[in-house]
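Read through the structure below, which is laid out as structure tokens, and then see the notes.
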Amino acid sequence: KMSHALDEYCGSTFWNASFLDRPDPDLPVCVERTVLVWVPLGFLWLCSPWHLTTLFRKKPPKTPFSKLYICKQVLAGLLFLTAIAGLLFTLAEDYGPSSNSSAKKIPAVLYANPVLFATSWVLVLLLQEAVRRRERAVDSGSLFLFWMLKVICEIFPFQTMLREAIQQEEISDLPRFCLFYITYGLQVVALVLSAIADVPLGLNKVVKKNPEAGAAYLSRITFNWFNWMVINGYKRPLVQEDMWELNEKEATSYISQEFEKIMNHELRKACSRLEKQQKKKNNSRLKSDPDQNGMTKGISQDVLVMEIGDKHKNKNKKEKKKDDSNYPKSWLVPAVIKTFKWVLIESAVFKLIQDLLSFVNPQLLKVMISFTQDKSIYDWQGYLYAVLLLVVAVLQSLFLQQYFQRCFVLGMKVRTGIMAAVYKKALVVSNDARKESTVGETVNLISADAQRFNDVTNYIHLLWSCPLQIIISIVFLWVELGPAVLAGLLVMIFMVPINGLLASKSKALQINHMKLKDKRMKIMTEILNGIKILKLYAWESSFEAQLQGIREKELKVMRNLAYLSSCSTFIFACAPALVSLATFAVFVSVSPDNVLDAEKAFTSISLFNILRFPLAMLPMLISSLVQTVVSKKRLEKFLGGEDLDTMTVQHDDSTAVSVRNGTFTWGSDTEPALKNVTLDINPGHLVAVVGAVGSGKSSLISALLGEMHSLSGSINVKGSVAYVPQQAWIQNATLKDNILFGSELNEQKLQRVVEACALEPDLELLPGGVQTEIGEKGINLSGGQKQRVSLARAVYSSADVYLLDDPLSAVDSHVGKHLFERVIGPEGLLKDKTRILVTHGISFLPYMDEIIVVVDGIVSEVGSYSSLRASKGAFSEFLDMYAKEESNRSDAQKDSAADAEQVDVVPESQDPQADSPPEDMVSVTLKRESSLRHSQRHAHIKVRTSSTARSTINLEESKKGQRLIEKEAMKTGKVKFSVYLHYLRAMGWWHASTFVMTYLLQNVAFIGQNLWLSDWTNDSETYTNRTYPADIRDMRIGVFGALGVAQGFLVFLGTLILANGAIRASRSLHTCLLFNILRVPMLFFDTTPSGRVVNRFAKDIFTVDEMIPMSLRSWVLCLLGVVGTLFVICLTTPLFTAIVVPLAVVYYFVQRFYVATSRQLRRLDSVSRSPIYSHFGETVLGLSVIRAYGHQERFLERNKITIDDNLKSVYPWIVSNRWLAIRLEFLGNLVVFFSALFAVLSRDTLDSGLVGLSISYALNVTQTLNWFVRMTSELETNIVAVERVSEYTEIPNEAAWITEKRPSADWPSMGRVRFEDYKVRYRPELDLVLHGITCDIESSEKIGIVGRTGAGKSSLTNCLFRIIEAAEGRILIDGVDIAILGLHDLRSKTDHHSSGDNGLKSIWFHMQDPVLFSGSLDEEIWKVLELAHLKDYVGSLAAGLQHEVSEGGENLSLGQRQLLCLARALLRKSKILILDEATAAVDLETDGLIQGTIRREFAHCTVLTIAHRLHTILDSSRHFHFYAQGDGIDAGKIVEFDSPSILFEKRGHFYSLAGILIP
């Protein structure tokens, strides 16, 4: 009925099979006039409602019409006119004068179509206007698709009309003929125009900063808009400035706003669920309790007490458990899903379409094979199949890339949303919640946990897609092969547990490997930290041997790991072969009727290939989901924690500060820190808070800031607050930004503040003045400078109330006095403000308006200085206690004041203050312990002269400069080919070549197996109507299986060879690196930050050990895979060779462009990631300051900007991968198309098996190509490590350790030292540090060397050991010129004893060290230890001489370390001893012991002492005195050289120095 109606409607036959059943097929005219017209128009009408809503909702923009818009509308208008013309022709034919009533009636279609078209063109006019009105729209995808469909559908009538005209040699219906071609031309133009973006004027600026905003539909789906970035990245390395702006919806502020709305809603729901659960629990507990309450009375008291105690313990345990689960759960994932539901749905649709399309190819392959088998099928069908293969493949690529793009951007958004939420939470989190986690753990939430979510989101759809693919594959396979498919499936499932077993084995090895690596890195770090001592004692070879020993163990573990991984590789390589073997063998064995033909075989193989992916991905996905669940719990716990109560502190206008009956605690479950506090402080008053350590002074300040948990009472603070914490918090910003802290800049005010806070002298020292960049945690400022900056920040903020938590303890007394007078005191800058000052400085108390005395958390007294003094209460006790301390302290400070030159080094606050808020409690305690150690060490150094302060800062600066420049220089551009050769040489040519050969053979076996299969399938034609002989069947299966196993075996062999080669390369590269680093001159270590050297041994050696072998293997496999595929296609269809070259060229260029850009984007990503974490860590540390000043919003904004900077490089990186993938897949699709096309062209000469083979190979090539580029880029990134390692193996060495000129065994027997016009400079381009030293030192003389810092004292000792080589002149020891000796001969015969901290900090005192102690020496060692006053100590140790000294000697006290060094010197019995007493931070008692031992035991030696404390050398026989003038011109000359008594009488330089240095 239907077709009859259509026949009538068209006036001709609608469908007849004969149209297609001929060599030149065509569609019936009726189909062309109905179906092919309705499809595009239907699409247009379906899409129109969405556009039309915009048209009626939005007002037209004010901007003028663009030329493109006018052209489009004119075209639509012209098309409308053609439709009207068509209608008029029909009417004219029907009713015109020439119409013949008896003639055939004109069919309805000729009336309907022009009307349909006319209305559609009007609709197009409206839709184009709607697009113009839509915000930020540059074109319409649906209109583009409509025009494309229209043009494609019109191709059929186009050729039908042409054919007809050519056949009949005349045009039957001229007007319609002309009209059709005019219309067609207009439609083609419309298609072209719709592919061009129409950027509105207002959008031009945006498009410049972000080309994606102005990209047309076609450019968006092929990622063409990204070309500029790729080309730019190829021309030169990209920098952060090249990054484009983000789209509005990808920016942090938009994402976090959306996510927060939904997150808060979900969190509230989860909280109410939690409350309900707790109510239920409590109710059930109450019900079950009554019977337990009536306790039997007759139990003895003790038992009861015991029971209660036990119960208490259990209760505590239970409570802990309960607390663990006591937070709202299961709300984060729903929040993420609801926030991003549209992206999820969209990507799911793309994924579903792509999955379904991937199953079309095997079916097309099937019909393609039957086409070659059945010669009766017309040629045009073959071409149709080839085109269909191409179309399906292209669609699949487009959908897949859109899906990936959505998913990766979604992952990025999820990470961003979580990071922003965690940051915001951190700003408002309560102290209870803060105690749960350290700063490091909190930073982990945004680095590790947010990243986990990111990674899982990328592949989340595989959860449903993998099972779907598996099910569909099995269904199709069942159709092909019946139940035989289960055999293959069983083999696949059987592989899973074997891989699991191998994985668990390798995990154990991995742990062991990590331990060894840590141990190796620990020793390496110690070697680098103590490299100077190693050189002075000539210990390099012993440490080298020790390190190599550990490295060998590490390589052994690595070898085992590699063997395990080759087993799993073997299984993985065998899997496809075994699966297909099992399936085919079962299939042909089950029944003699089952014959394997090409259709079945190759369709099954391509289905198995589809199956491999989901089976490999599912286990990986599940394991990463498990990890994410852990992250989810941690995030939920943190984000669900309670917030700080902002209502604790009121701000109304009564008194300046008042507290009424306040009781405050740090956490809801801790004891109150302050009890019943009542205070009233009037505006403008200066109030001191005093009390013993831990009495609650800082807690009072924190309570006023609202940082504490209020149990009762109220607080009121009038106006704004400025806060100076006890531990200064400094941001990683310029000094100026640290002081301004977000306020407006006012130059004069800034100048006043800087002056008052005593920062002017510091600014002169800092390289950039106010603009100096301060490192993280204020690393390049001393403690006192930090505290003054912190105070300056408060003063500049011009607040109403100032809370100063002991800011004066961290500065020297004279600076403290200055600060009090100029800033805090009655005459200071803040004289009109309300100031509450916690202080231990007694001298300031008389100037106070009021003093608050705190004792054990209770305010015991309040009043003026005189009234409290008179009352003889807690205050006067406090005064007496601190008066003693103060006098001790001031004595110590007087010594240093003389040389302090306004620069102060601070022993960090001397007393551990327990009353600081717990947020930093953990870090504070740790800091205090280290600062206590620090202050014990440096008790006598209060001096840092200007020159050293400056030099450390300059060094910081130059280090930064070097580090950045070096890394940049390393990582740009292409890696030289010589680097690859260097690695292959290190592997050994034998390993390298056999490894490649084995893999090549494996590939040959693979191709052989498939060729055998294609030959096997031809049997189906040979034995068409006969039974299949069993012997032939068994032979086919046998050879097929054998080739499969051979592949696995060859891969296994290849992997083993590669593993051995890689380990050989690792050993050789590490040995060369270590060998050279221990032999480079000391100068290298002075100018290179040790971190950079450590990095070579850690990161780069790790890359050489693990990454390079993996990426090399994958690269070779991919390369051979691609070559093999092309070879098979060329073998089956020789025509294909013509296409290979142009494809290869295009491929090469795409890949080169991509690698350059991708590499640099990766680097930018990691460079811009660290500021996010450091800013976050900084915020967490400075929380109380940020809250006090009320700057949360500013920090939130700053965080968003920091994250955005990172996203600007993450987003292009995601796009760059899609850009590459879509281009490579197009190339792969062309390979498929041409292999099919040429198969059709040469169908007469090909058998069906080979066609199946070549096309199924081609279908796989796309993935292999993709992998190949990834691997190339990865290999290139990783091989840089070899370049970096070899760079350090080529640094010039110092002089030889042992030369032919060896000194006699007893040299130096006398110990005479002679300098002859000795000059030296540190580097060729620098000035001399010693200017022509000439002097004689007789045997056994004791020489003291003094001089100011920088005069060249230490340089002199460095010259004796040839740490620095002479520029001119020479040094003779016992008449031998030391320049001709080997360094080890020289250094092992002279002894250097640095009793200073600097010499000891990092030596690894391993008591079993081969150079130091070997068994037979035991008696001597005990004797030496006795002389060094260490015998009792070592005797008391459990392990005695085997006691292992920890890293940096941390488990020995400072004095013990000095004595140990002394013992070492005594054991060596050197004739010349050099004592560098730099910054001797030893207590006087130890010092006395050392001096005594030296005088006694080294009486027969020549001793040179560099002194900083003069009394240690006043008994020396003579003195050098170097003199360093401020400008350094006189530095490095001997100014005076005589005995101390004579020098004192001269009253020269020595005399003046003695005034400073004698304590």
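The values are calculated or read from the model by the stated rules, or taken from the named source; none is laboratory data. In this text the structure is predicted, and so the values were computed from the model without any measurement. Cβ placement follows ideal geometry from the backbone for every residue including glycine, while neighbour counts extend to all protein chains displayed. Ligands, DNA and RNA are excluded from the accessible area calculation, which covers all protein heavy atoms including side chains. Shrake-Rupley method; radii C 1.70, N 1.55, O 1.52, S 1.80 Å.
Expressed as a whole percent, the accessible area of segment 442-486 that falls on carbon and sulfur atoms is 75 (1.4 Å probe). Pairs spanning more than 20 Å between alpha-carbon atoms, out of K287/K329; K1469/K1533; K1301/K1389; K1301/K1353; K718/K817: K287/K329; K1469/K1533; K1301/K1353; K718/K817. Taken one residue at a time, the phi angles of segment 326-338 give Karplus couplings (6.51, -1.76, 1.60, θ = phi - 60°) of 8, 9, x, 10, 6, 10, 6, 5, x, 4, 4, 5, 5 Hz. Gly and Pro are set to x.
The largest accessible area among H4, H51, H982 belongs to the first residue in H4, H982, H51, and the rest follow in falling order (1.4 Å probe, all chains). How far is the Cα center of segment 396-467 from the Cα center of segment 1167-1223, in Å? After rounding, the separation between the Cα centres reads 14 Å. Taking Cβ atoms as reference points and 14 Å as the exclusive limit, the residues near I166 contribute a net charge of -4, counting Lys and Arg as +1 and Asp and Glu as -1. Computed on segment 369-465, with alpha-carbon pairs under 8 angstrom and 6+ residues apart, the relative contact order is 39 percent. Mean projected area of the convex hull spanned by the Cα atoms of segment 1017-1118, taken over all viewing directions: 9.3 nm². The share of C-alpha pairs in segment 455-508 whose separation exceeds 14 Å stands at 69 percent. Its relative contact order, with pairs defined as Cα atoms under 8 Å and 6+ residues apart, puts segment 321-412 at 45 percent. Full extension of the chain segment joining D173 with W478 gains 104.3 nm, where the gain is 0.36 nm per residue of separation less the Cα-Cα distance. Legend: residues S1068, S1248, sorted from most to least accessible area (1.4 Å probe; ligands, DNA and RNA excluded), read S1068, S1248. The residues of segment 85-171 present an accessible area of 54 Å² per residue when probed at 1.4 Å with all protein chains retained. Note on L46 and K62: the model spin-label points, each 7 Å out from Cα along the C-beta direction, lie 4.1 nm apart.
Total lysine pairs in segment 52-155 at Cα distances under 28 Å, for residues eight or more apart or on different chains: 7. 3J(HN,Hα) along segment 1322-1337: 6, 9, x, 8, 9, 6, 5, 9, 10, 9, x, 7, 9, 6, 10, 10 Hz, from the Karplus curve 6.51 cos²θ - 1.76 cosθ + 1.60 with θ = phi - 60°, whole Hz, x for Gly and Pro. Heavy-atom accessible area with a 1.4 Å probe sorts K736, K1546, largest first, into K1546, K736.
With all protein chains in place and a 1.4 Å probe, the accessible surface of segment 1153-1304 carries 57 percent carbon and sulfur.
P(r) tail, segment 1222-1306: Cα-Cα pairs separated by more than 21 Å, 62% of all pairs. Between the alpha-carbon centres of segment 1-73 and segment 648-662 there is a gap of 77 Å.
Rolling a 1.4 Å probe across the protein heavy atoms gives segment 442-578 an accessible surface of 42 Å² per residue.
In the calculated pair-distance distribution of segment 1142-1221, the portion above 16 angstrom amounts to 62 percent of the Cα-Cα pairs. Could you tell me how many cubic angstrom of Cα convex hull volume the chain has per residue? Output value, Cα hull per residue: 286 Å³. Karplus-derived 3J(HN,Hα) values for segment 396-413, using 6.51 cos²θ - 1.76 cosθ + 1.60 with θ = phi - 60°, are 4, 4, 4, 5, 4, 5, 5, 5, 4, 4, 4, 5, 5, 5, 4, x, 4, 5 Hz; glycine and proline are entered as x. Between S542 and L981, the C-beta separation translates, for a Förster distance of 35 Å, into a calculated FRET efficiency of about 0.55. Taking every C-alpha pair closer than 8 Å and separated by at least 6 residues, the mean separation divided by the residue count of the chain gives a relative contact order of 11 percent.
For segment 90-246, the Kirkwood hydrodynamic radius comes to 19.7 Å, computed from all pairs of different C-alpha atoms.
Over the residues of the chain, the helix contribution to mean residue ellipticity at 222 nm works out to -21500 deg cm²/dmol, using -39500 (n - 2.57) for each DSSP H run of at least 4. The accessible area of D26, taken with all protein chains in place and a 1.4 Å probe, comes to roughly 20 Å². Over all pairs of different C-alpha atoms, segment 1-46 has a mean inverse distance whose reciprocal, the Kirkwood radius, equals 11.6 Å.
Expressed as a whole percent, the accessible surface of segment 493-646 that belongs to carbon and sulfur atoms is 67, based on a 1.4 Å probe. The equivalent ellipsoid of segment 383-525 has semi-axes of 43, 28, 16 Å, largest first, where each one is the square root of 5 times an eigenvalue of the Cα gyration tensor. As a test question: what accessible area, to the nearest 10 Å², does R273 have when a 1.4 Å probe is rolled over all protein chains in place? Roughly 100 Å² of R273 is accessible to a 1.4 Å probe. The residues of segment 1150-1232 have, on average, 27 Å² of accessible surface per residue, using a 1.4 Å probe with all protein chains present. For segment 1184-1333, the alpha carbon positions stretch 101, 68, 29 Å along the principal axes, listed from largest to smallest. In this label model, T1071 and I106 are separated by 9.7 nm, measuring between points 7 Å along each Cα→Cβ vector.
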